[in-house]
1. Would you mind putting 8-19, 24-35 in packing order, based on average other-beta-carbon counts within 10 Å, highest first?
2. Sort the range 42-86 into rounded, prolate or oblate with this rule: let a ≥ b ≥ c be the square roots of the eigenvalues of the Cα gyration tensor; rounded if a/c is under 1.5, and if a/c is not under 1.5, prolate when a/b is larger than b/c, oblate otherwise.
3. Order by neighbour count: ARG79, ARG23, fewest other Cβ atoms within 10 Å first, most last.
4. In the range 39-88, with Lys and Arg counted as +1 and Asp and Glu as -1 at Cβ, which of these residues, LEU40, VAL84, GLN51, has the Cα nearest the positive end of the dipole, that is, farthest along it?
Amino acid sequence: MKAETILDADYHPAEDEPFMNERQTEYFRQKLLTWKASILEESRGTIEHMQEGTRNIPDVADRASEETDRALELRTRDRERKVVSKSTRPCAGLTTVPTGIAKKQASQSR
């Protein structure tokens, strides 16, 4: 089992350190998890807003405008949902096996 890497709050990857070392891996893992949590929180807020915001608008133009806004919001949340599912895989990969360019560099350093 790998020891847990602890980062300073102000850590940012530097160009002079080895690419995707333990600190960078942990940095990007935390960044992905924070991003995922933010997207999920916004999604919950959208659902609550849409449930509370249902109203009967008599003016056709106003109703169409509100429906367009809702459709745009739903499309945005759907894209974010897809991003969350795609970001979960790399995040899991950061804790287990090197992926992509990190795997290539690991094989070159041997």
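1. 24-35, 8-19
2. oblate
3. Values: ARG79 11, ARG23 17.
Arranged by neighbour count, lowest to highest, ARG79, ARG23 become ARG79, ARG23.
4. Positive-end residue among those listed: VAL84.
Read the figures in this text as sums done on the coordinates, not as results from a lab. As the structure is a prediction and not an experimental result, all values here were calculated from the model. Positions of Cβ are backbone-derived with ideal geometry, glycine not excepted, and every protein chain shown enters the neighbour counts.
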